[in-house]
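J.: Below is one structure. I have some questions about it.
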Amino acid sequence: MMNIVLLEPEMPSNTGNIGRTCVATRTRLHLIEPLGFKLNEKALKRAGLDYWDKLNVTVYSDYQDFLERNPQARGSMYFATTKAHKVYSDVSYRPDCYLMFGRESAGIPEEILVDNEDHCIRIPMWGDIRSLNLSNSAAIVLYEALRQNGFGKLELNGQLHHLHWKDE
């Protein structure tokens, strides 16, 4: 099972959207405090629609708490940052890896990035654009990791319902 890690997320709508993506992909969501919102906020639930109760989510008091409770994350975690030298699609993801994203206003702290430079990844962008929306970034990287692992047990085939129109 894939893992999305949000380090100190600030906007409930982004976290709600990411939660919905996690439910749709059977991905665990890890939230590292402090959060910029309360988990019962309407904006969070609205963005997550009626999926929030189906979400596999754990909240941690800080980054150290997360690492202590998830020792398997060491060495299998990727850090999304505009400061990375590697493009997210050039990395080989394990089916149980951890994908970390930082605060909307500041990203992942520099000291964490420096300690994990070999696992830092970036999404290419044009010019001097500061960053993409957090929920979009999480979806882009998560789906690349899922694609590399054959999409796990996700439903790959849709079904069209053919409508027959009558000539009038």
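J.: Which pairs turn up if I take residues in the range 57-74 that are in a loop (DSSP other than H, G, I, E, B) and look for partners that are open to solvent by 30 Å² or more (accessible area, probe 1.4 Å) with beta carbon separation below 8 Å, at least 6 apart in sequence or on another chain?
T.: The qualifying pairs are 61/33; 62/33.
J.: Still on this structure, I have one more. Of these, 94, 122, which one is under 14 Å from the mean Cα position of the chain (by Cα) and open to solvent by 50 Å² or more (accessible area, probe 1.4 Å)?
T.: Working: 94 fails: under 14 Å from the mean Cα position of the chain (by Cα).
Every option except 122 fails the conditions.
J.: If a residue must be part of a strand (DSSP E or B) and open to solvent by 50 Å² or more (accessible area, probe 1.4 Å), how many such residues does the range 97-108 contain?
T.: Just the residues of the range 97-108 that are part of a strand (DSSP E or B), to begin with: 98-101, 103, 107.
Narrowing the set further to residues that are open to solvent by 50 Å² or more (accessible area, probe 1.4 Å) leaves 103.
Number of matching residues: 1.
J.: Collect the residues in the range 5-38 that are among the aliphatic types (A, V, I, L, M), in contact with a Lys or Arg (Cβ under 7 Å, 6 or more places away or on another chain) and buried (at least 22 other Cβ atoms within 10 Å of the Cβ), keeping them in residue-number order.
T.: Taking the range 5-38 and keeping what is among the aliphatic types (A, V, I, L, M), we get 5-7, 11, 18, 23-24, 29, 31-32, 35.
In the following step, the residues that additionally are in contact with a Lys or Arg (Cβ under 7 Å, 6 or more places away or on another chain) were identified as 7, 23.
Answer for the range 5-38, where residues must be among the aliphatic types (A, V, I, L, M), in contact with a Lys or Arg (Cβ under 7 Å, 6 or more places away or on another chain) and buried (at least 22 other Cβ atoms within 10 Å of the Cβ): just 7.
J.: A further question on this structure: For the range 91-99, indicate whether the set of residues that are closer than 20 Å to residue 33 by Cβ and among the acidic types (Asp, Glu) is non-empty. Break it down stepwise before answering.
T.: Pass one, the range 91-99, residues closer than 20 Å to residue 33 by Cβ: 98-99.
Those left that are additionally among the acidic types (Asp, Glu): none.
Checking the range 91-99: not a single residue is closer than 20 Å to residue 33 by Cβ and among the acidic types (Asp, Glu).
J.: From the list 117, 111, which one is within 19 Å of residue 9 (Cα to Cα), open to solvent by 60 Å² or more (accessible area, probe 1.4 Å), among the acidic types (Asp, Glu) and modelled with pLDDT of 95 or more? Write out each step before concluding.
T.: Numbers: 117 fails: within 19 Å of residue 9 (Cα to Cα).
Among 117, 111, only 111 is within 19 Å of residue 9 (Cα to Cα), open to solvent by 60 Å² or more (accessible area, probe 1.4 Å), among the acidic types (Asp, Glu) and modelled with pLDDT of 95 or more.
J.: Quick one: count up the residues across the range 13-56 that are in a loop (DSSP other than H, G, I, E, B), closer than 19 Å to residue 97 by Cα and either at pLDDT below 90 or touching a strand residue (DSSP E or B) at 6+ places or on another chain (Cβ under 7 Å) (or both).
T.: Taking the range 13-56 as the starting set, the residues that turn out to be in a loop (DSSP other than H, G, I, E, B) are 26-27, 33-41, 55-56.
Remaining after also requiring closer than 19 Å to residue 97 by Cα: 26-27, 55-56.
Filter once more, so that each one left must be either at pLDDT below 90 or touching a strand residue (DSSP E or B) at 6+ places or on another chain (Cβ under 7 Å) (or both): 27, 55-56.
Matching residues across the range 13-56 total 3.
J.: Select from the range 70-91 the residues that are of a type outside the set (A, V, I, L, M), surrounded by 13 or more Cβ atoms within 10 Å (Cβ to Cβ) and modelled with pLDDT of 95 or more and list them in ascending order.
T.: Hits for the range 70-91 are 70, 76, 78, 79, 81, 86, 88, 89.
J.: Does the range 77-93 hold any residues that are under 20 Å from residue 111 (Cβ atoms) and outside any strand (DSSP E or B), and which are they? Break it down into steps so the answer makes sense when it comes.
T.: Going through the range 77-93, the residues under 20 Å from residue 111 (Cβ atoms) turn out to be 77-86.
Within the range 77-93, 81, 82, 83, 84, 85 qualify.
J.: Does the range 2-12 hold any residues that are more than 15 Å from residue 102 (Cα to Cα) and modelled with pLDDT under 95, and which are they? Give the derivation first.
T.: We begin by selecting, within the range 2-12, every residue more than 15 Å from residue 102 (Cα to Cα); these are 2.
Residues satisfying the conditions do not exist here.
The values are calculated or read from the model by the stated rules, or taken from the named source; none is laboratory data. Please read these numbers as outputs of a predicted model, since none were measured by experiment. Here the Cβ is made from the backbone with ideal geometry for all residues, glycine too, and neighbour counts use every protein chain on show. We work out accessible area using only protein heavy atoms, side chains counted, and drop any ligands, DNA or RNA first. Shrake-Rupley method; radii C 1.70, N 1.55, O 1.52, S 1.80 Å.
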